[in-house]
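The values are calculated or read from the model by the stated rules, or taken from the named source; none is laboratory data. Just so it is clear, the structure is predicted and the values come from calculations on it, not from any experiment. Here the Cβ is made from the backbone with ideal geometry for all residues, glycine too, and neighbour counts use every protein chain on show.
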Amino acid sequence: MSVNSRLERLDENAWIEAAMDLLVSGSVDSIGVEPLAKHLGVTKGSFYWHFKDRAALLQAVLRTWQQRATLAIIDRVEHSNKGPKERLRQIIELPYTSPRARRGALVELAIRGWARRDNMAATAVAEVDELRLRYSAMLYRSAGLDEEAARARAFLTYSYNLGEAMINSGETEDGKHARRLLCADILLEGDKN
């Protein structure tokens, strides 16, 4: 089998990853079958093997983002066999957990930009926000907070995570680490009344 034949048989995930690359480097408008095929160095035929059309690809991009950026993370945290406060600490440290975290933040920012002008993306973002907030609030309730305090802390935790992932503060790694520890202490150990 030639190199070109192997490339023509890209799997669905290769197209989704390439679409995410174009989304991050441009916008949702830059995602098209021809630009993707060029980006991947293949003809358009492989695309239509996996997707009916561009809309189907965009839906797959959103599903993949939801799975990776929310469902897989919740699953990983839940299977850590740690108490609620330690699971919350894991969530607070999410922007720092892997080299892929920066790309994940860029994808998140691009999808949130897309959601400002597209109902399908806005629905996906709203579902992710609701699930992330609900999960964190459940952990705070498990740690002993009442419903109102748990929801407020979940919102603050989520806001902190989004900010850390998306704001380039120009700080040193030591500065970011110190801020993360302080924020975790405030969110997890602050006044519960």
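Listed here are the residues, each with its yes/no results for (1) within 22 Å of Asp185 (Cα to Cα); (2) modelled with pLDDT of 90 or more; (3) not β-branched (Val, Ile, Thr).
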{"residue": "Thr43", "(1), (2), (3)": "no, no, no"}
{"residue": "Ser46", "(1), (2), (3)": "no, no, yes"}
{"residue": "His50", "(1), (2), (3)": "no, yes, yes"}
{"residue": "Asp53", "(1), (2), (3)": "no, yes, yes"}
{"residue": "Thr64", "(1), (2), (3)": "no, yes, no"}
{"residue": "Lys85", "(1), (2), (3)": "yes, yes, yes"}
{"residue": "Thr97", "(1), (2), (3)": "yes, no, no"}
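Please work out which residue is modelled with the lowest pLDDT, limiting yourself to the stretch 6-41 and to residues that are outside any helix (DSSP H, G or I) and more than 19 Å from Leu106 (Cα to Cα).
In the first step, residues of the stretch 6-41 are kept if they are outside any helix (DSSP H, G or I); the result is 9-11, 26-27, 31-32, 41.
Filter once more, keeping what is more than 19 Å from Leu106 (Cα to Cα): 9-11, 32, 41.
Details: Arg9: 63, Leu10: 84, Asp11: 90, Gly32: 94, Gly41: 90.
It comes out as Arg9.
Take Ala115 and decide whether it is surrounded by 15 or more Cβ atoms within 10 Å (Cβ to Cβ), without any contact (Cβ under 8 Å) to a residue 12 or more places away in the chain and assigned by TED's automatic domain parsing to the domain that holds Val77. Working first, answer last.
Values: surrounded by 15 or more Cβ atoms within 10 Å (Cβ to Cβ): yes; without any contact (Cβ under 8 Å) to a residue 12 or more places away in the chain: yes; assigned by TED's automatic domain parsing to the domain that holds Val77: yes.
So Ala115 fits the description; yes.
Per-residue answers, yes or no, for (1) in contact with a helix residue (DSSP H, G or I) (Cβ under 9 Å, 6 or more places away or on another chain); (2) in the same structural domain as Ala101 (by TED's automatic domain parsing):
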{"position": "Lys38", "(1), (2)": "no, no"}
{"position": "Val42", "(1), (2)": "yes, no"}
{"position": "Ala56", "(1), (2)": "yes, no"}
{"position": "Ala72", "(1), (2)": "no, yes"}
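Looking only at the stretch 134-193, how many residues end up being among the polar types (S, T, N, Q), more than 23 Å from the chain's Cα centre (by Cα) and loosely packed, with under 12 Cβ neighbours inside 10 Å?
Step one: of the stretch 134-193, the residues among the polar types (S, T, N, Q) are 136, 142, 157, 159, 161, 168-169, 172, 193.
From what's left, more than 23 Å from the chain's Cα centre (by Cα): 142, 172, 193.
Okay, now just the ones that are also loosely packed, with under 12 Cβ neighbours inside 10 Å, so 172, 193.
Of the residues in that region, 2 qualify.
Every residue in the stretch 8-55 that is within 21 Å of Ala69 (Cα to Cα), surrounded by 14 or more Cβ atoms within 10 Å (Cβ to Cβ) and small (Gly, Ala, Ser), please.
Ala14, Ala18, Ala19
Contact list please: Cβ distance under 6 Å, first residue in the stretch 142-163 and under 11 Å from Cys183 (Cα atoms), second residue modelled with pLDDT of 95 or more and in a helix (DSSP H, G or I), pairs at least six apart or on different chains.
Going by the 6 Å Cβ cut-off, the qualifying pairs are Thr157/Ser136.
Hey, among Glu127, Glu147, which residue is closer than 17 Å to Thr70 by Cβ, at pLDDT 90 or above and charged (D, E, K, R)? Walk me through how you get there before you give the answer.
Numbers: Glu147 fails: closer than 17 Å to Thr70 by Cβ.
None of the other options fit; the residue is Glu127.
Taking the stretch 48-71 as the region of interest, how many residues are within 18 Å of the chain's Cα centre (by Cα) and within 18 Å of Asp11 (Cβ to Cβ)? Working first, answer last.
First, pick out the residues of the stretch 48-71 that are within 18 Å of the chain's Cα centre (by Cα): 57-71.
Cutting the leftovers down to within 18 Å of Asp11 (Cβ to Cβ) gives us 57-61, 63-65, 67-68.
Here the count works out to 10.
Quick check on this structure: which one of Leu145, Leu133, Leu139 is over 30 Å from Ser30 (Cβ atoms) and not in a helix (DSSP H, G or I)? So that I can check it myself, show each step before the final result.
On the way: Leu133 fails: not in a helix (DSSP H, G or I); Leu139 fails: not in a helix (DSSP H, G or I).
Residue meeting the stated conditions: Leu145.
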